[in-house]
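A.B. asks: My questions will all concern the structure given below.
The values are calculated or read from the model by the stated rules, or taken from the named source; none is laboratory data. As the structure is a computational prediction, the values presented were derived from the model and not from experiment. As a convention, Cβ positions derive from the backbone with ideal geometry for all residues, glycine included, and neighbour counts pool all protein chains shown. For the accessible areas, the whole protein counts, side chains as well, though only heavy atoms, and no ligand, DNA or RNA atoms are used. Shrake-Rupley method; radii C 1.70, N 1.55, O 1.52, S 1.80 Å.
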Amino acid sequence: MAYYDFKNIEAKWQKKWEEEHLFKTTEDASKEKYYVLEMFPYPSGKLHMGHVRNYSIGDVIARYKHMAGYNVLHPMGYDSFGLPAENAAIKHGVEPADWTWSNMAEMTTQLKRMGLSYDWDRSVATCHPKYYKWMQWIFIQFYKKGLAYKKENPVNWCPSCATVLANEQVVDGCCERCGSVVGKKNLSQWYFKITDYADRLLENLDELEGWPNKVKIMQKNWIGRSVGAEVQFKVKDLDKIFTVFTTRVDTIFGTTFMVIAPEHPEVENLIKGTKEEAVVRAYIEEASHKNDIERSSTVGEKTGVFTGRYAVNPFTGKEIPIYVTDYVLMGYGTGIVMGVPAHDQRDFDFAKTFDLPIIPVVDPHDPEVDLNDLKAACKAEGTLINSGEFDGMNNLVAIEKLIELVEKKGIGKKAVNYKLRDWLISRQRYWGTPIPMIYCEHCGWVPEKEENLPVMLPTDVEFTGKGESPIATSKTFVDTVCPVCGKPAKREIDTMDTFLDSSWYFLRYCDARNEGEAFNYDKVKYWMNVDQYIGGVEHAILHLMYARFFQMALYDLGLVTTEEPFKNLLTQGMVIKDGKKMSKSIGNVVSPDEIIGKYGADTARLFILFAAPPDRELDWSDTGVEGSYRFLNRVYRLVDEVKDTVIGAADSYEIKNSDDKSLAFEMNATIKKVTEDAGGRFNFNTAISSIMELVNEIYRYKEVKEINAALLKAAIENMIKVLSPFTPHICEEMWEELGHGDSIYKEKWPVFDEKALVKDEVEVVIQINGKVKEKLNVPNGLSKGDLEALIMGRDNTKQLVGDKAVVKIIAVPGKLVNIVVK
């Protein structure tokens, strides 16, 4: 009996693929291109099962497309800047570069053990100077275009560590390193004007037909386009006008208070010299320890403090108190909100807490709502009341009328607002791309000369965990000369958000070894856009939004030919175990190395592709892995048992009997199923199931009396071909065992024969009053009448009916006959 020695088989073929550069790709105008890409990993040092699933999905698609005749680009690299490397330097004294490159080497070995068809000659690492040189170059192009600017912004600041913290380093308002309460500190930082692209980012979503709707909805909500009005409120006793943005100007008569974000610059003008000043400052300090999610939560008690100032409602003329509250964020609208408690639940809760008036101004005509005694905010849909000349008007009509009046009075205008804010790209970190900007006392901020790029990360830095950035400790980095006037100047010590690095890496893959430009225009024109992008749904907003923004900006700069980077998007589901996400703390993590070591990469790939559709959660099953391993052993034995029969057999066959017909049908049905599932539907689990059925049929066929060697050869070879994208190592070995010299990767994808899929007989179900009584093979193609006559004329049917009266016969050709009796 043949022994499936997966360890030697997989090592053999991985070595052979690498020696022959089998997966190396170049542009070929004679072929249709196909660019398949999985989101590249952060080099943590170890692959997890989520990686295995992601990359196995992409590899099946890449291998299928190559065999189907496409010129396939399938690259891999590393998103290798980031905080973990810096933390390793602080905790263990390891250089971030050494830690990162060591991890990348380990992960590359793991990826190659999986048998993935990557063109490693195109590999990129975002921490390599040859990559971040062009990241800096792109930054400068954005700066020249007016897309990059600097302004002050509050950051998380730990007073004990004396350092800036990323949001993920703040746990329950405290520093994860030392446990101290985290506050806010204003720093001058760099931004990208992604808001300039808000409308295009929104409108282009309609063109992304190959994206999941849930992802497009998430992006639409993140952009948050809303049409409304900006309305001006005068501040009593101050020469100030506050502008609020509202989508519901029809409720303005119900405004009974105004709330302002704690960090709003106008707060200082409101409280300066007032008796409330100290109380407000204390509240602002308290609010600085909360994150935006906590502040915008709809649950929990609403907090705030009176500023001692009043605004004037421009429509009622009434004075309304101005409060500072943490549920208003600077990131949306103007950071000032008109409070309409009768029709907004947060405003209602706030008004109840501070005993403020609640005036309904829209009658929803709901018998369950008592407008004179509201227990909660009610819907603002219906007829206006308590709204002066607008009483009795439908609220939707009133919105347009009130906007017209606001503009006529010169106290506001129709406006469009977005939740999307400009992208803060500065990081007070070491392990990232240095921002290539220089500050000169005479010239201001100016970019480094492009011929001087890259601006290299300094190595003479101290990782103390304190201060604004380790780069500030370098004695060689900061001091420089102005590129414009030549006078002494200072380098920017902030580095770029790592999301920048991953916003264009797919372009670099098109021309990864180009040292003269970020990427060649013609090569990008050939390969882009990415035909199939694959990754986790957790990247649905930030990464995908930023990548789309980059592509649009580069398009406007004339550097690329398409506005959108990713034509189709597949978001794979999470791998869980025992109903929970795999986690070290829970103790339910399954190591890919252990599975590959015990069963082989092909088994790991097969199980993870067979266990669930790619967009669904996959619940890990040890028995499922063992079942996949047994199946591959069974296939390996099958090929060994029939190879002497099929080697040397003819390449064409004739159908001679019913056994031949059955095998030909199963072979062609499997080719059709796998072609459809691997070529677009991506239902890999059902494709594998179809291959298993074919294997069963071949096992049956090899025991028949009259074996058609040519047909058996076609069946066994086509089975290996359609299985090869899923389990490439074992298929290469079996292909070679059958006497073939070239890699199966170079074979053409098989084509199914439609004629062979027509059966002479089909199985129909016979029911009595809807209950299945019998299954019967009947000639294919019978009409409804002929099928009914055939079934009712059988003795077995007459016995089933007995002496009961037949009320009705429901015949569905090719499916069933239901006899209704009483």
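A.B. asks: Please pick out the residue among Lys755, Lys748 that is part of a loop (DSSP other than H, G, I, E, B), under 30 Å from Ala678 (Cβ atoms) and either open to solvent by 70 Å² or more (accessible area, probe 1.4 Å) or of a type in the set (Gly, Ala, Ser) (or both).
C.D. replies: On the way: Lys755 fails: part of a loop (DSSP other than H, G, I, E, B).
Being part of a loop (DSSP other than H, G, I, E, B), under 30 Å from Ala678 (Cβ atoms) and either open to solvent by 70 Å² or more (accessible area, probe 1.4 Å) or of a type in the set (Gly, Ala, Ser) (or both) holds for just one of Lys755, Lys748, which is Lys748.
A.B. asks: Being polar (S, T, N, Q), within 30 Å of His48 (Cβ to Cβ) and open to solvent by 10 Å² or more (accessible area, probe 1.4 Å) is the filter here; which residues of region 502-531 pass it? Quick ask: steps written out before the conclusion?
C.D. replies: Initial filter on region 502-531 (polar (S, T, N, Q)): 502-503, 514, 520, 529.
Going one step further and asking which of them are within 30 Å of His48 (Cβ to Cβ), we end up with 502-503, 529.
Result: Asn529, single match.
A.B. asks: Mind listing whichever residues of region 86-111 are in a helix (DSSP H, G or I), out of contact with any helix residue (DSSP H, G or I) (no Cβ under 6 Å at 6 or more places or on another chain) and not polar (S, T, N, Q)?
C.D. replies: Across region 86-111, the qualifying residues are Ile90, Lys91, His92, Ala97, Asp98, Trp101, Met104, Ala105, Glu106, Met107, Leu111.
A.B. asks: Residues in region 378-393 that are free of Cβ contacts under 8 Å to residues at least 24 places away in the same chain and loosely packed, with under 14 Cβ neighbours inside 10 Å: how many?
C.D. replies: Count: 2.
A.B. asks: Something else now. If a residue must be in a helix (DSSP H, G or I) and either touching a strand residue (DSSP E or B) at 6+ places or on another chain (Cβ under 7 Å) or surrounded by 11 or more Cβ atoms within 10 Å (Cβ to Cβ) (or both), how many such residues does region 263-282 contain?
C.D. replies: 11
A.B. asks: Quick check: anything in region 795-811 of a type in the set (S, T, N, Q) and either open to solvent by 60 Å² or more (accessible area, probe 1.4 Å) or under 28 Å from Ala678 (Cβ atoms) (or both)? Walk me through how you get there before you give the answer.
C.D. replies: To start, the set of residues in region 795-811 that are of a type in the set (S, T, N, Q) comprises 796-797, 799.
Now drop any that are not either open to solvent by 60 Å² or more (accessible area, probe 1.4 Å) or under 28 Å from Ala678 (Cβ atoms) (or both), which leaves 796, 799.
Yes, the conditions are met somewhere in region 795-811.
A.B. asks: What is the residue count in region 217-244 for residues that are crowded, with 18+ Cβ neighbours inside 10 Å and part of a helix (DSSP H, G or I)?
C.D. replies: Residues in region 217-244 being crowded, with 18+ Cβ neighbours inside 10 Å and part of a helix (DSSP H, G or I): 2 in total.
A.B. asks: Mind checking which residues of region 115-132 are out of contact with any Asp or Glu (no Cβ under 8 Å at 6 or more places or on another chain) and either open to solvent by less than 50 Å² (accessible area, probe 1.4 Å) or of a type in the set (S, T, N, Q) (or both)?
C.D. replies: Across region 115-132, the qualifying residues are Tyr118, Asp119, Arg122, Ser123, Val124, Ala125, Cys127, Pro129.
A.B. asks: Looking only at residues in region 488-528 that are assigned to a strand (DSSP E or B) and hydrophobic (A, V, I, L, M, F, W, C), which one is nearest to Leu542 (Cα to Cα)? It would help to see each step written out before you state the result.
C.D. replies: Step one: of region 488-528, the residues assigned to a strand (DSSP E or B) are 488-491, 495-496.
If we keep only those that are hydrophobic (A, V, I, L, M, F, W, C) as well, we get 489, 496.
Working: Ala489: 34, Met496: 15 Å.
Ranking the candidates gives Met496 first.
A.B. asks: Since Ser583 meets every condition but one in (1) under 14 Å from the mean Cα position of the chain (by Cα); (2) over 21 Å from Trp504 (Cβ atoms), which condition does it not meet?
C.D. replies: (1) is the only condition that Ser583 fails.
A.B. asks: Show the residue pairs meeting these rules: Cβ distance below 6 Å; 6+ apart or different chains; first residue within region 607-628 and under 15 Å from Phe726 (Cβ atoms) and of a type in the set (D, E, K, R); second residue open to solvent by 40 Å² or more (accessible area, probe 1.4 Å) and modelled with pLDDT of 95 or more.
C.D. replies: none
A.B. asks: Separate question: Checking Glu564 against (1) over 24 Å from the mean Cα position of the chain (by Cα); (2) modelled with pLDDT of 95 or more; (3) not hydrophobic (A, V, I, L, M, F, W, C), which test does it fail?
C.D. replies: So the condition that Glu564 fails would be (1).
A.B. asks: Is it the case that region 194-212 has a residue that's touching a residue at least 40 places away in the same chain (Cβ under 8 Å), over 30 Å from Ala148 (Cα atoms), over 19 Å from the mean Cα position of the chain (by Cα) and not in a helix (DSSP H, G or I)?
C.D. replies: Looking through region 194-212, none of the residues is touching a residue at least 40 places away in the same chain (Cβ under 8 Å), over 30 Å from Ala148 (Cα atoms), over 19 Å from the mean Cα position of the chain (by Cα) and not in a helix (DSSP H, G or I).
A.B. asks: Now for a separate question. Could you pull out the residue among Pro360, Pro341 that is surrounded by 19 or more Cβ atoms within 10 Å (Cβ to Cβ), closer than 19 Å to Phe257 by Cα and either modelled with pLDDT under 95 or in contact with an Asp or Glu (Cβ under 7 Å, 6 or more places away or on another chain) (or both)?
C.D. replies: Going through Pro360, Pro341 in turn, just one is surrounded by 19 or more Cβ atoms within 10 Å (Cβ to Cβ), closer than 19 Å to Phe257 by Cα and either modelled with pLDDT under 95 or in contact with an Asp or Glu (Cβ under 7 Å, 6 or more places away or on another chain) (or both): Pro341.
A.B. asks: Tell me, which strands (runs of 3 or more DSSP E) wholly within region 283-377 include 2 or more residues that are over 41 Å from the mean Cα position of the chain (by Cα) and β-branched (Val, Ile, Thr)?
C.D. replies: The strands (runs of 3 or more DSSP E) meeting that bar are 305-312, 319-324.
A.B. asks: So, one more: Out of everything in region 88-100 that is crowded, with 18+ Cβ neighbours inside 10 Å and out of contact with any Phe, Trp or Tyr (no Cβ under 7 Å at 6 or more places or on another chain), what residue ends up being nearest to His128 (Cα to Cα)?
C.D. replies: Thr100
A.B. asks: Further question on the same structure: Which number in (1) within 29 Å of Trp620 (Cβ to Cβ); (2) part of a helix (DSSP H, G or I); (3) modelled with pLDDT of 95 or more; (4) open to solvent by 10 Å² or more (accessible area, probe 1.4 Å) marks the one condition that Asp59 misses?
C.D. replies: (4)
A.B. asks: Pairs, please: C-beta under 6 Å, at least 6 apart or cross-chain, first residue over 13 Å from Tyr4 (Cα atoms) and in region 638-650, second among the charged types (D, E, K, R) and surrounded by 13 or more Cβ atoms within 10 Å (Cβ to Cβ)?
C.D. replies: Sorted first by the residue in region 638-650, then by its partner, the pairs are Val642/Lys702; Lys643/Glu737; Val646/Lys713; Ala649/Lys713.
A.B. asks: Tally time: how many residues in region 405-444 are farther than 14 Å from Phe477 by Cβ and open to solvent by 70 Å² or more (accessible area, probe 1.4 Å)?
C.D. replies: 10
A.B. asks: Shifting gears a bit: Where the second residue is open to solvent by 80 Å² or more (accessible area, probe 1.4 Å) and assigned to a loop (DSSP other than H, G, I, E, B) and the first is without any contact (Cβ under 8 Å) to a residue 60 or more places away in the chain and among the β-branched types (Val, Ile, Thr) and lies in region 468-485, which pairs have Cβ atoms under 6 Å and are six or more apart or on separate chains?
C.D. replies: Here the result reads Thr473/Glu462, each pair linking region 468-485 to a residue that is open to solvent by 80 Å² or more (accessible area, probe 1.4 Å) and assigned to a loop (DSSP other than H, G, I, E, B).
A.B. asks: In this structure, does Lys808 turn out to be at pLDDT 90 or above and assigned to a loop (DSSP other than H, G, I, E, B)?
C.D. replies: no
A.B. asks: With Ile720, Ile791, Ile716 as the choices, which residue is in contact with a Cys (Cβ under 6 Å, 6 or more places away or on another chain), in a helix (DSSP H, G or I) and surrounded by 15 or more Cβ atoms within 10 Å (Cβ to Cβ)?
C.D. replies: Ile720
A.B. asks: Take the residues in region 62-85 that are over 23 Å from Met496 (Cβ atoms) and in a helix (DSSP H, G or I), then tell me which one is most open to solvent (accessible area, probe 1.4 Å).
C.D. replies: Within region 62-85, the match that is most open to solvent (accessible area, probe 1.4 Å) is His66.
A.B. asks: Name, by its number, the condition in (1) open to solvent by 70 Å² or more (accessible area, probe 1.4 Å); (2) touching a strand residue (DSSP E or B) at 6+ places or on another chain (Cβ under 8 Å) that does not hold for Asn818.
C.D. replies: Unmet for Asn818, out of (1) open to solvent by 70 Å² or more (accessible area, probe 1.4 Å); (2) touching a strand residue (DSSP E or B) at 6+ places or on another chain (Cβ under 8 Å): (1).
A.B. asks: Filtering region 394-404 down to residues that are of a type in the set (A, V, I, L, M, F, W, C) and surrounded by fewer than 16 Cβ atoms within 10 Å (Cβ to Cβ), which residue is farthest from the chain's Cα centre (by Cα)?
C.D. replies: This residue is Val397.
A.B. asks: Conditions: (1) of a type outside the set (D, E, K, R); (2) outside any loop (DSSP other than H, G, I, E, B); (3) in contact with a His (Cβ under 7 Å, 6 or more places away or on another chain). Cys485 meets all but one. Number of the miss?
C.D. replies: (2)
A.B. asks: Find the residue count for region 4-56, including only residues that are aromatic (Phe, Trp, Tyr) and either in a helix (DSSP H, G or I) or within 17 Å of Thr727 (Cα to Cα) (or both).
C.D. replies: Residues meeting the conditions: 6.
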